[in-house]
Each structure stands twice: as C-alpha cells, then as structure tokens.
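Following: one structure in structure tokens, then a few remarks.
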Amino acid sequence: MIERYQTPEMQALWSEARRYQTWAEVEILALEAWERLGQVPPGTALRLREALERKPIDAAFAQRVDEIEAETRHDMVAFTRALTEWTGDAEVARWLHLGLTSTDVVDTAQNVLLDEALSLLEPALAQVQEALKSLAVRYKHLPAVGRTHGVHAEPTSFGLRFLSFYAALLRDGERLKKAREGIRIVMLSGSVGNYAHLEPAIEAWVAQRLGFQIEPVSTQVVPRDRHAALLSALAILGANMERIAVELRHLQRTEVLEVQEPFSYKQTGSSSMPHKKNPVALENISGLARLLRSNLQAELENVALWHERDISHSSVERVILPDSTTLAHYMLRRLERVLKGLVVFEEHISRNLHLTRGLVYSQRVLGFLIESGLDRTTAYEVVQRNALQSWEKGQDFQALLEADPACPLKGAALARAFDPGYFLRHVEAIYARFGL
C-alpha cells in the first residue's frame with residue numbers, strides 16, 4: 001500500500017520485520033511442542049527466544065533475508081538461514097523448522113497478523129458507529145425531505161438516514177467478528193497435510209499458545225474460503241462506507257447543501273476556483289471502496305488451488321491482505337473525522353422540504369380525501385390535477401386544493417395533511433429497536 005493511505009499502526013503491522021518476527025514466534029512455539037514430546041533438547045525454544053530478545057529481528061534482518069532469497073529463490077529457506085546467522089546458535093539451528101513445511105509457518109503467522117489487523121479495525125469501526133449514532137440522535141426529530149430515484153418523495157426524519165447507516169455498520173461489525181473467528185486458525189500439518197513428519201500435538205500446542213483453533217482438515221494450506229470470507233466482510237464494510245459517502249456527497253451539492261464535510265483552515269478546494277469547498281474526503285472513500293471490492297474478487301480466485309497446494313495465491317495475498325486491512329483502517333479513520341466534523345445546515349433542510357410547495361404531501365392529501373368520502377379514482381384525479389398544476393406553474397399545492405370545488409376539504413381540515421410531524425410519528429419506535 002502506498003504511504004498516502006497507510007495508518008501508522010497498519011504500516012508497522014505489515015512491515016517485513018514484523019512478518020519475520022511472527023514467523024520466528026511460530027517456529028519457537030513449534031520447538032516448545034517438540035520439547036514437550038521429548039524430541040528436542042529442553043531449553044531449545046527458550047534459547048532462541050532469548051537470542052531474539054537480545055537481538056530483535058529488524059529491518060536489517062529483513063534485508064538479509066532478501067539477500068539470501070535472491071540466491072535461494074525460496075523465502076522460508078532464506079528466513080531460516082538468516083535466523084541461524086542472526087542468532088549464531090548452531091544447536092538451535094539444528095532443530096529449527098523440524099517437521100514443518102513452509103506454509104505451516106507462513107499461513108499460521110499470516111493468520112496471526114490478520115487477527116491483529118482486525119483488532120485494529122474493531123475500535124476504528126466502533127468510533128464511526130458512535131459518530132453515526134450521535135448524528136442519528138441529534139437529528140431524530142428534524143423533518144427533512146426524503147428522496148426516491150433522486151426526486152423529492154415525502155418528509156422523513158433527517159436523523160433516520162444516519163440510524164440506517166448505523167444499523168448497517170453494526171452488521172459490518174458482526175461480519176468482521178465472524179470473519180475474525182474464521183481466520184484465527186493454526187495449521188501445522190506438514191507437507192501434504194497428513195502429519196507425516198510431525199504429530200498433531202505440535203499443532204495443538206501452538207494453537208493453545210496462540211489462543212487459536214486448529215484447521216480441522218488441511219492440505220498444505222489453510223483453505224482460502226476463510227480468507228475470502230474476511231475479504232468479503234471488508235468489501236461489504238467498504239460498500240457501506242461508500243453508501244454513507246455517496247449520500248453525503250449528494251447532500252453537499254450546491255443546489256441541495258444540507259450538509260458539508262469539514263473544511264479546515266487554510267484548506268483549498270480548487271487550484272483555479274478559490275470559492276470551492278469540495279467533498280474530497282468522501283470522494284476518496286468512494287474510490288477506495290472500489291479497491292476493497294476488487295481485492296475480494298482476487299481472493300475468490302485463490303480458493304481453488306491445485307491438488308494439495310500451489311502458490312498462485314501467494315503473490316496475490318502479499319498485496320491484497322495488507323492492502324485491504326490497511327485501506328479499511330484508513331477509510332474508517334477518515335470517515336470518522338468527516339462525521340464528527342460534519343456541518344449540517346438545518347435552514348437548508350427546511351428550505352428543501354418546502355421546495356416543491358407542498359407536493360410532498362400528496363399521498364397524505366389523497367388519504368384524507370378518501371376518508372372524506374371520495375372514491376379512490378376521483379380522489380386521485382383531484383390530487384394529481386392540482387399537483388401537476390403546482391409543478392408546472394410553480395403554484396402552492398395547498399392553495400390550489402383550497403380553490404378547487406372538487407376538493408371537499410378546506411381550511412384546518414386540509415391543513416392537517418400538510419403537517420410534517422405526521423410522517424415522524426413512528427420514529428421513536430424505530431429508534432427504540434436500537435435502545436435509543
């Protein structure tokens with residue numbers, strides 16, 4: 001991921017040094033398990049751990065792995081050789097990687113890193129959820145025009161759209177939780193997954209130490225439907241963030257201007273037009289959501305591998321797993337800032353509600369006319385005739401109905417149909433579903 005869209009936490013998590021630190025931890029835990037079985041001299045794992053505490057794996061170690069890999073063309077061989085050099089302990093090197101194949105270490109360590117990445121996403125998501133909930137509660141009783149097909153429909157609660165977003169992100173949280181459970185998996189089953197050169201107890205010990213589950217049936221890789229489920233959860237999260245961004249972008253259009261994303265001091269909106277305040281943060285979120293969706297497609301392609309394994313998935317995941325988690329983290333952080341600094345123009349919301357001179361109350365008028373005794377066809381003709389005249393000539397809809405002899409409702413009886421509060425009367429019941 002390019003630096004522009006990295007967060008410091010994700011940048012550190014997905015660094016080469018951190019990856020090799022995690023590989024080393026898996027190797028150490030496997031040595032512990034071998035010691036418990038009496039197959040490796042006691043204290044071997046501790047010697048390796050202490051050596052790495054004295055001389056932690058860092059960027060220089062990662063550089064050395066690269067140098068060795070340039071010759072071996074094999075990252076795990078390069079890693080184990082670099083680790084032997086780094087610690088200078090031949091006795092530990094004798095037992096390192098015993099019975100394991102590369103993917104045992106790589107897949108298990110990758111799952112550890114993914115779990116940590118998701119642990120960073122959870123609080124970031126919670127912050128966005130709270131920001132949405134706050135907006136939903138603040139504007140619960142503010143009447144606003146609802147839109148269908150981009151056209152004014154009927155009054156609704158301005159806060160209700162934020163509650164809808166909040167509900168969607170609660171579902172995102174559940175999806176991420178389930179995906180995280182699915183990725184908290186250890187696999188140490190050997191070359192074709194049948195434990196020919198190590199015992200299932202090795203895998204069980206490492207899983208216990210990490211607090212993970214074991215992969216019930218593996219080949220030589222963790223099945224990639226688990227990773228596809230994770231990328232799916234991230235892609236849907238991105239789609240929901242884009243849903244919020246698109247709505248707010250529409251509401252920021254000059255002719256609407258009900259909201260505006262925060263615009264900081266000295267910020268410029270255009271290199272040529274000094275007056276511009278553009279929804280650049282929201283547009284950025286819309287754009288990055290496309291990457292999350294495309295990365296899901298790549299991971300779906302990784303599910304079907306040849307026989308017990310191939311490495312066609314490896315090159316893909318080196319890009320999409322760090323990138324997707326990093327992008328989601330960045331997008332959540334940016335969306336949080338937008339929502340917490342969102343400018344809401346209540347006077348413009350009121351203006352837009354009345355922009356069509358009462359036409360948004362047409363269904364309510366129709367219902368009142370039917371209740372007054374008109375048949376539905378006649379009532380519809382009365383409402384439609386006056387509504388079209390109002391639309392075409394820019395006249396007040398209520399005034400036209402007052403002047404129409406075919407409309408039996410007049411004065412206060414008719415005015416009741418034009419009360420926006422009627423459309424908000426069940427809002428409290430909707431909010432109560434969320435304890436709000």
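Of note, residue 145 does not satisfy the criterion of being assigned to a helix (DSSP H, G or I), in contact with a Ser or Thr (Cβ under 9 Å, 6 or more places away or on another chain) and either surrounded by 16 or more Cβ atoms within 10 Å (Cβ to Cβ) or modelled with pLDDT of 95 or more (or both). Of the helices (runs of 4 or more DSSP H) that lie entirely inside segment 347-405, not one contains 2 or more residues that are assigned by TED's automatic domain parsing to the domain that holds residue 143 and acidic (Asp, Glu).
Condition (residue is within 25 Å of residue 339 (Cβ to Cβ) and without any contact (Cβ under 8 Å) to a residue 60 or more places away in the chain) applied to segment 217-239: is it met by at least one residue? Yes: segment 217-239 contains one or more residues that are within 25 Å of residue 339 (Cβ to Cβ) and without any contact (Cβ under 8 Å) to a residue 60 or more places away in the chain. Scanning segment 182-212 for residues that are surrounded by 14 or more Cβ atoms within 10 Å (Cβ to Cβ) and closer than 30 Å to residue 238 by Cβ yields 182, 183, 184, 185, 186, 187, 210, 212.
Scanning segment 214-252 for residues that are touching a strand residue (DSSP E or B) at 6+ places or on another chain (Cβ under 6 Å) and of a type in the set (S, T, N, Q) yields one hit, 252.
Take the residues in segment 384-395 that are farther than 13 Å from residue 369 by Cα and loosely packed, with under 14 Cβ neighbours inside 10 Å, then tell me which one is nearest to the chain's Cα centre (by Cα). The selected residue is 391. Among the residues of segment 79-105, the ones that are closer than 23 Å to residue 187 by Cβ and in contact with a Lys or Arg (Cβ under 7 Å, 6 or more places away or on another chain) come to 1 in all.
Residues of segment 81-102 that are among the hydroxyl-bearing types (Ser, Thr, Tyr), in a helix (DSSP H, G or I) and touching a residue at least 24 places away in the same chain (Cβ under 8 Å): 87, 102.
Filtered by the rule that a residue be farther than 21 Å from residue 12 by Cα and either outside any helix (DSSP H, G or I) or touching a residue at least 60 places away in the same chain (Cβ under 8 Å) (or both), segment 34-70 gives 34, 36, 37, 38, 39, 40, 41, 42, 43. All told, residue 105 meets the bar of being assigned by TED's automatic domain parsing to the domain that holds residue 319 and either part of a loop (DSSP other than H, G, I, E, B) or not charged (D, E, K, R) (or both).
On inspection, residue 28 does not qualify as assigned to a loop (DSSP other than H, G, I, E, B), under 35 Å from the mean Cα position of the chain (by Cα) and without any contact (Cβ under 8 Å) to a residue 60 or more places away in the chain. Taking the numbered list (1) more than 30 Å from the chain's Cα centre (by Cα); (2) surrounded by fewer than 17 Cβ atoms within 10 Å (Cβ to Cβ) in turn, residue 358 passes all entries but (2). Name every residue in segment 90-131 that is of a type in the set (Val, Ile, Thr), in contact with a Leu (Cβ under 6 Å, 6 or more places away or on another chain) and within 26 Å of residue 173 (Cβ to Cβ), in order of residue number. Answer for segment 90-131, where residues must be of a type in the set (Val, Ile, Thr), in contact with a Leu (Cβ under 6 Å, 6 or more places away or on another chain) and within 26 Å of residue 173 (Cβ to Cβ): just 128.
Confirm whether residue 323 is surrounded by fewer than 16 Cβ atoms within 10 Å (Cβ to Cβ) and either at pLDDT 95 or above or outside any helix (DSSP H, G or I) (or both). In short, no. Test residue 117 against the criterion of being touching a Lys or Arg at 6+ places or on another chain (Cβ under 8 Å) and either surrounded by 21 or more Cβ atoms within 10 Å (Cβ to Cβ) or small (Gly, Ala, Ser) (or both), and give yes or no. So residue 117 fails the test. Filtering segment 222-273 to residues that are closer than 30 Å to residue 104 by Cα and part of a loop (DSSP other than H, G, I, E, B) leaves 222, 223, 224. Among the aromatic types (Phe, Trp, Tyr), buried (at least 17 other Cβ atoms within 10 Å of the Cβ), over 19 Å from the mean Cα position of the chain (by Cα) and in the same structural domain as residue 332 (by TED's automatic domain parsing): is that true of residue 79 in this structure? Here the answer is no, as residue 79 does not meet what is asked.
The values are calculated or read from the model by the stated rules, or taken from the named source; none is laboratory data. Since the model is a prediction, treat every value here as computed from it, not as a measurement. FYI the Cβ positions are ideal-geometry reconstructions off the backbone, even for glycines, and counts take in every protein chain you see.
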